[in-house]
Amino acid sequence: MDAAPDAAIRNVGLRLTGPRRVVLEVVRATDSHPTAEVVHRMVRRRLPRVSLGTVYRNLRLLVAEGLVKELPGPHARFDGNTSDHHHFTCLLCGRIVDVDGPLTEPHSRALCSRVAAQGDFSVTHHRIEFYGRCPACRGKSNRGALRGRGRLHQLNRAIIHP
Ligand code: ZN
Ligand code: MN
């Protein structure tokens, strides 16, 4: 279990401010992997005057201190779950869903050893990404869903045609 937000922030040597604590609390309270804009919306329900800039800076600090994870992609998404796990991304709606780390064991462990052995690397961690369609999108046509979604379309193209 993670330390309470106040203690977690102090433990890494950051000053405890109201916005900082609320940012960490809301990111930990959701498994939707929100963007900075969405985190801002959630924080403002409790601290109406907080700016997007403040939320963004605090997210960056929390990521730098390892209290929040940032997911790679065309638009930064944040994850308050710092335990080992993977993600499934829906290519149509952009939803990101947690995949338990143990689900990919022991295959991922074997892969790590092989990668380490091949290059004489010391592998500290690895990431496995899953892509496809979520249940809500499985029946949809590609064209309709992608129209007007420039960012997702880019993501899609980058994955299909790297
Ligand atoms: Zn979907
Ligand atoms: Mn996650």
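For segment 109-134, what are the residues that are of a type outside the set (A, V, I, L, M), more than 21 Å from residue 73 (Cα to Cα) and either outside any helix (DSSP H, G or I) or under 20 Å from the mean Cα position of the chain (by Cα) (or both)?
Residues satisfying the conditions are 120, 121, 122, 124.
Quick one: in segment 85-94, of everything that is of a type outside the set (S, T, N, Q) and in contact (Cβ under 8 Å) with a residue 40 or more places away in the chain, which residue is farthest from ligand 1 (Cβ to nearest atom)?
If we take residues in segment 85-94 being of a type outside the set (S, T, N, Q) and in contact (Cβ under 8 Å) with a residue 40 or more places away in the chain, then 86 is farthest from ligand 1 (Cβ to nearest atom).
Listed residues 63, 26; which is under 22 Å from residue 95 (Cα atoms) and either within 14 Å of ligand 2 (Cβ to nearest atom) or out of contact with any helix residue (DSSP H, G or I) (no Cβ under 9 Å at 6 or more places or on another chain) (or both)?
That would be 63, the only listed residue that is under 22 Å from residue 95 (Cα atoms) and either within 14 Å of ligand 2 (Cβ to nearest atom) or out of contact with any helix residue (DSSP H, G or I) (no Cβ under 9 Å at 6 or more places or on another chain) (or both).
Quick one: residue 72 ticks every box in (1) exposed (fewer than 13 other Cβ atoms within 10 Å of the Cβ); (2) within 12 Å of the chain's Cα centre (by Cα); (3) modelled with pLDDT of 90 or more bar one, so which box is it?
So the condition that residue 72 fails would be (3).
Which ones in segment 45-60 are more than 15 Å from the chain's Cα centre (by Cα), surrounded by fewer than 16 Cβ atoms within 10 Å (Cβ to Cβ) and outside any loop (DSSP other than H, G, I, E, B)?
Passing the criteria: 52, 53, 57.
For residue 100, all conditions in the list (1) surrounded by fewer than 13 Cβ atoms within 10 Å (Cβ to Cβ); (2) under 24 Å from residue 13 (Cβ atoms); (3) within 16 Å of ligand 2 (Cβ to nearest atom) hold save one; what is the number of the exception?
(2)
Of all the residues that make up segment 1-40, how many are in a helix (DSSP H, G or I) and loosely packed, with under 14 Cβ neighbours inside 10 Å?
Final tally of qualifying residues: 7.
Name every residue in segment 61-92 that is part of a helix (DSSP H, G or I) and touching a strand residue (DSSP E or B) at 6+ places or on another chain (Cβ under 6 Å), in order of residue number.
Correct list: 63 only.
The values are calculated or read from the model by the stated rules, or taken from the named source; none is laboratory data. Because the structure is predicted, anything quoted here is derived from the model rather than measured. Cβ coordinates were reconstructed from backbone atoms using ideal geometry, including for glycine residues, and neighbour counts include every protein chain displayed.
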